[in-house]
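Report on the following structure.
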Amino acid sequence: VVDTAEDIVTYTNNITNVSSSNFENMVIIDRLPGVNDRGVVNWQDQRGSEFAVAYLENLSLTVEDGNGNSTPVDPSMYTIRFSSIAFNQAYADDDFDGEEGSGWHDTWQEDDTSFRIVMADAFTLKPNETLLIRYDGKISDDADPGQIAWNSFGYRYSVGTIHLTAE
C-alpha cells in the first residue's frame, strides 16, 4: 500500500529448495506491478494493481543455507535483462529458457515491465538452500495513498532431466 508517490520499495523474492535434489539451469522472471497487470506464469491471473513500479537497480542475490548463513552470489553467476512485454501477454518458453533473441535488453527503459535473471550453468541451489533476490523499485508518480500494487515472479529450473516452472 502506497503512503506517498515518492516511495521507494524494496522487494525480496525467495526461492527455497525443499526437495532432496539440486535446482539447476534457473531462470527467474519478475513482472513488476502495473495497471491491468497479470501473473508471470499464470498470465491469465489478473493481479489488480492500481499503479506501476519501476525497477531501480540495487539488485543483490544471496544464498541462505538451512542454518541461516548467507553468502552473496557472485555477479558472474548470473545475467539480468529487461523487457517491455505487455501486461496482457504471456511469457514464451524462450523467455523462461533464457534465450537471448527473445526481446530482452541490457538496461531498464521507461516502458519496461519486467526483468529476467539467468543463472550461470555453474550455479546450483542445493537442498535446504534459499535464493534471495532483492532490488529496489520506484512507485509511479500517479499512485495515490491507499492504492495497492502486486509484484509477481516466476522461475524455471531443472532437477536432473525434469524442467519445472513455478510462480
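Taking each residue of region 42-64 that is under 19 Å from residue 81 (Cβ atoms) and looking for partners that are open to solvent by less than 60 Å² (accessible area, probe 1.4 Å) and acidic (Asp, Glu) with beta-carbon atoms closer than 6 Å, six or more apart or interchain, yields 56/136; 58/136.
Yes or no, residue by residue, for (1) out of contact with any His (no Cβ under 8 Å at 6 or more places or on another chain); (2) open to solvent by 30 Å² or more (accessible area, probe 1.4 Å); (3) in contact (Cβ under 8 Å) with a residue 12 or more places away in the chain; (4) at positive phi:
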| site | (1), (2), (3), (4) |
| --- | --- |
| 111 | yes, yes, yes, no |
| 128 | yes, yes, yes, yes |
| 135 | yes, no, yes, no |
| 148 | yes, yes, yes, no |
| 151 | yes, yes, yes, no |
| 162 | yes, yes, no, no |
| 167 | yes, yes, yes, no |
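Within region 72-100, residues that are of a type in the set (Gly, Ala, Ser) reach partners that are open to solvent by 40 Å² or more (accessible area, probe 1.4 Å) with beta carbons closer than 7 Å, at six or more positions or on different chains, in the pairs 83/103; 84/109; 84/111; 90/43.
Screening region 1-24 for residues that are of a type in the set (Ser, Thr, Tyr) and under 14 Å from residue 64 (Cα atoms) and picking the one that is modelled with the lowest pLDDT gives 12.
Identify, please: which residue in region 92-103 is closer than 13 Å to residue 117 by Cα and open to solvent by 50 Å² or more (accessible area, probe 1.4 Å) and is, among those, modelled with the lowest pLDDT? Here the residue is 100. Within region 18-33, residues that are over 16 Å from residue 79 (Cα atoms) have Cβ atoms under 6 Å from residues that are among the basic types (Lys, Arg) in these pairs: 22/126, counting only partners at least 6 apart in sequence or on another chain. Tallying residues that are modelled with pLDDT of 90 or more and open to solvent by 60 Å² or more (accessible area, probe 1.4 Å) within region 45-91 yields 12. All conditions in (1) open to solvent by 40 Å² or more (accessible area, probe 1.4 Å); (2) over 15 Å from the mean Cα position of the chain (by Cα) hold for residue 17, with the sole exception of (1).
The values are calculated or read from the model by the stated rules, or taken from the named source; none is laboratory data. Everything numeric in this text was worked out from a predicted model, so none of it was measured. For neighbour counting, all protein chains shown are included, and Cβ atoms are generated from backbone atoms with ideal geometry for every residue, glycine included. All accessible areas refer to the heavy atoms of the entire protein, side chains included, with ligands and DNA or RNA removed. Shrake-Rupley method; radii C 1.70, N 1.55, O 1.52, S 1.80 Å.
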